[in-house]
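A.B. asks: Starting off with a structure, shown below.
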Amino acid sequence: MDMRTYSTDEIHILEISGRFDANTVQPVATWLEQTTSTPGARVLINLTDTTFVDSTALATLVQALKRCQQMQGDLYLCGMRHPVHKIFELTRLDKSFNIFSDKDCALQAFVK
Amino acid sequence: MLVALLSSQYTRFAALAEAWLSLGATAFGIYQDGRPLVYWPASHRLMRPSLMAPILRGDEELGEIRVTGVKGEAFQQRLRADAALIAYLLQLEEELQLMTADLVISQDQQLALYRLTQSMRDLVTVEEILRAVLAEAIHMLKAQGGFAAFEPLAPDTPLLIQQPDGVLPHAFTWELYRQCSTSERLIICDEASSETAAMGVRSLLHVPIRIRGRVMASLGLVNRSGGFDAPGIKLACALADQAGIQVERTLLYQEMFQQTRMRAEMELARRVQLDLLPRTLPRIAGLEIYAESRPARQVGGDFYDFIVEVERPFIFAVGDVTGKGMSAALLMTMTRTAIHSKSQFMPFPTPESVMRQSNEDLYNDFTRVGVFATAFVGQYAVGSQRLVYANAGHAPVIYRPVGGEAVLLGAESTALGILPDAHFRNQSLRLAPGDVLVVATDGFSDMCGADDTTFGIERLLDLVNRLHHLAPETLAMVLFEEVDRFGQGREQDDDQTIVVIKGAAM
């Protein structure tokens, strides 16, 4: 798993490539904890190159979403491949997260 | 020096005097700065010597030999030769004394190093070791102060020790460390720059400490009288090497300790997990049931449970708490207890109400620790041939009706602990003779094979289609075997739990 972080228009963007699971979750969890603890933080997680997520990874995303919402922020997901989206569907997490087809759509949603 | 030589070699000088006296001299003496140091015979002070020869070290006159009663060039030449011999003896004596002094210092240092090595055996932290080495280095090199820096692997915090406190600004010491770790060379500074002079530094020696093949620490010494010479640098390097070995030993010990503790924790987690699972399979009229859970080495939070109460519908649950290890085992216990107690003690439990109440119990705690639990709860009234169920984010759940194709049953709500008021709904399916329900955990579908591919849900669906005619236990065994085969001997990453329920004749 590789992660890349950057900011654009005060939106913190995290790109995760490869397997996002219990063995690789720690740096993502650390970054999300720092980023989503700021009041009103706007965070976008781009999963375009993510090949797999397990339940530990999902828990990390859920925890970040809850923290972000408590701090009046927004956390969006985008660019899921079919197998990853299937996991979100099966666990009904697609109903909890705002999921966009790609990064541009998600960035536009932040503007609205 | 001349006096010391005369004292230690008195009999040889006396023999030399005797030789001169036997040649016809009336007196023989050694003088320094015009004053007699020794003379023969004792009554003659050689105030008017007939011959004199200086004892020279280079251009410096260390003393002179005087004789009386003889004259001539031959005697003068002999006297000069004796003076040169005494000068050479003096030089040898001086070198011997220096070598002896060096040897004593070297022995002292070896002894100090030995004492340091011995004392460090009792030290169990890196900080204690660096503190001891720094104190000894300051003492042995007679420096005014010093520091030791250690940069462990993340997430541990870097360590800086100063003796005395504040001997140098922290930022400056870390800058020195960066230079040292990049170049892997020592830094010597015997002349103060304007920057170091402002900090009161006249001389500085900074030595890298190699740990596990790379620079992870350093030792700095400040202000040694006369600067840092070659033996001092050599000694500091020896101390740094010693510190590196001891720190490596300590890190290894700490890692072994940590691993042992983790193994003990995992074993406890495994025992907690297995002890809480039902010890026997329930016998329910109209159903054939098999269940099994195989914990991974790094135990997860899987469980299954059966609630069989007289004159109440049979309830079963399968769940998976996110996370690994002891924390997952504890949270699994909480989840299982919540579902079990609701199923057992609610007046008219249904899967929906059991899930809703359990979620209310668990939501706050789960949110605080950042986990959730997927769960499937099923309820079967004997003779009904129908299963009522609620699925809180759990997958994979596969249903294969008689004469139909295996389908994946999606969840109708999110997992426990995600939303404070999740919309759980009772669903129902037929469970007549031949209908098969397989409730597994993601340890099956997520099992990793070659090239990091996962076993996936499609393979499970295909297997259930092909194996639906088997008894639940056999079907479960084949699924375990297939997943193991797919893993090609890889270690199981997550728990694998399965409950197979098949409709049967009453």
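The values are calculated or read from the model by the stated rules, or taken from the named source; none is laboratory data. The structure presented is a predicted model; accordingly, all values stated were derived computationally and were not measured. As a convention, Cβ positions derive from the backbone with ideal geometry for all residues, glycine included, and neighbour counts pool all protein chains shown.
A.B. asks: Report yes if residue B:136 is part of a helix (DSSP H, G or I), assigned by TED's automatic domain parsing to the domain that holds residue B:229 and either of a type in the set (Asp, Glu) or in contact with a His (Cβ under 6 Å, 6 or more places away or on another chain) (or both), otherwise no.
C.D. replies: yes
A.B. asks: In the set B:241, B:229, which member is within 30 Å of residue B:179 (Cα to Cα), charged (D, E, K, R) and modelled with pLDDT under 90?
C.D. replies: Values: B:241 fails: modelled with pLDDT under 90.
That would be B:229, the only listed residue that is within 30 Å of residue B:179 (Cα to Cα), charged (D, E, K, R) and modelled with pLDDT under 90.
A.B. asks: State whether the residues of region B:342-356 include one that is crowded, with 24+ Cβ neighbours inside 10 Å and facing chain A (nearest Cβ under 10 Å).
C.D. replies: Scanning region B:342-356 turns up no residue that is crowded, with 24+ Cβ neighbours inside 10 Å and facing chain A (nearest Cβ under 10 Å).
A.B. asks: Which of the residues belonging to region B:296-307 are farther than 14 Å from residue B:377 by Cβ and surrounded by fewer than 22 Cβ atoms within 10 Å (Cβ to Cβ)?
C.D. replies: If we filter region B:296-307 for residues that are farther than 14 Å from residue B:377 by Cβ, which is where we start, we get B:296-302.
If the condition is that a residue be farther than 14 Å from residue B:377 by Cβ and surrounded by fewer than 22 Cβ atoms within 10 Å (Cβ to Cβ), then B:296, B:297, B:298 are the ones that fit.
A.B. asks: Between residues in region B:213-241 that are within 30 Å of residue B:154 (Cα to Cα) and in the same structural domain as residue B:152 (by TED's automatic domain parsing) and residues that are of a type in the set (Asp, Glu) and in a helix (DSSP H, G or I), which pairs lie under 9 Å by C-beta distance while being six or more apart or on different chains?
C.D. replies: So the pair list comes out as B:239/B:136.
A.B. asks: Checking the structure you have, find out if any residue of region B:44-52 is on the phi < 0 side of the Ramachandran plot, exposed (fewer than 15 other Cβ atoms within 10 Å of the Cβ), out of contact with any helix residue (DSSP H, G or I) (no Cβ under 6 Å at 6 or more places or on another chain) and assigned to a helix (DSSP H, G or I).
C.D. replies: No, the conditions are met nowhere in region B:44-52.
A.B. asks: Pick from B:419, B:460, B:470, B:429: which is surrounded by 18 or more Cβ atoms within 10 Å (Cβ to Cβ) and either within 16 Å of residue B:397 (Cβ to Cβ) or modelled with pLDDT of 95 or more (or both)?
C.D. replies: Selected residue: B:460, the only one of B:419, B:460, B:470, B:429 that is surrounded by 18 or more Cβ atoms within 10 Å (Cβ to Cβ) and either within 16 Å of residue B:397 (Cβ to Cβ) or modelled with pLDDT of 95 or more (or both).
A.B. asks: Out of region B:253-311, which residues are within 27 Å of residue B:433 (Cβ to Cβ), part of a loop (DSSP other than H, G, I, E, B) and among the aliphatic types (A, V, I, L, M)?
C.D. replies: Scanning region B:253-311 gives B:281, B:284, B:285, B:308, B:310.
A.B. asks: Just a yes or no: is a residue in region A:43-60 crowded, with 22+ Cβ neighbours inside 10 Å, in contact (Cβ under 8 Å) with a residue 60 or more places away in the chain and away from chain B (no Cβ under 11 Å)?
C.D. replies: Checked against the condition, which is being crowded, with 22+ Cβ neighbours inside 10 Å, in contact (Cβ under 8 Å) with a residue 60 or more places away in the chain and away from chain B (no Cβ under 11 Å), region A:43-60 yields at least one hit.
A.B. asks: Using the structure shown, decide if residue B:464 is over 38 Å from the mean Cα position of the chain (by Cα) and away from chain A (no Cβ under 14 Å).
C.D. replies: yes
A.B. asks: Can you find a residue in region B:325-336 that is within 23 Å of residue B:475 (Cβ to Cβ), buried (at least 17 other Cβ atoms within 10 Å of the Cβ), modelled with pLDDT of 95 or more and not aromatic (Phe, Trp, Tyr)?
C.D. replies: First pass over region B:325-336, keeping only residues within 23 Å of residue B:475 (Cβ to Cβ): none.
No, the conditions are met nowhere in region B:325-336.
A.B. asks: Further question on the same structure: Residues that are at the interface with chain A (Cβ under 9 Å from one of its Cβ atoms) and over 41 Å from the mean Cα position of the chain (by Cα): find the strands (runs of 3 or more DSSP E) completely inside region B:373-422 holding 3 or more of those.
C.D. replies: Those strands (runs of 3 or more DSSP E) do not exist here; none qualify.
A.B. asks: Ok, one more. For region B:169-179, state whether one or more residues are within 11 Å of residue B:220 (Cα to Cα) and in contact with a Cys (Cβ under 8 Å, 6 or more places away or on another chain).
C.D. replies: no
Residue by residue, here is whether (1) of a type outside the set (A, V, I, L, M); (2) under 18 Å from residue B:282 (Cβ atoms); (3) not in a helix (DSSP H, G or I) holds:
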{"site": "B:460", "(1), (2), (3)": "no, no, no"}
{"site": "B:464", "(1), (2), (3)": "no, no, no"}
{"site": "B:469", "(1), (2), (3)": "yes, no, yes"}
{"site": "B:486", "(1), (2), (3)": "yes, no, no"}
{"site": "B:494", "(1), (2), (3)": "yes, no, yes"}
{"site": "B:499", "(1), (2), (3)": "no, yes, yes"}
{"site": "B:505", "(1), (2), (3)": "no, yes, yes"}
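A.B. asks: Now, a different point. Any residue in region A:76-91 that is out of contact with any strand residue (DSSP E or B) (no Cβ under 8 Å at 6 or more places or on another chain) and more than 10 Å from chain B (Cβ to nearest Cβ)?
C.D. replies: The answer is yes; a qualifying residue exists.
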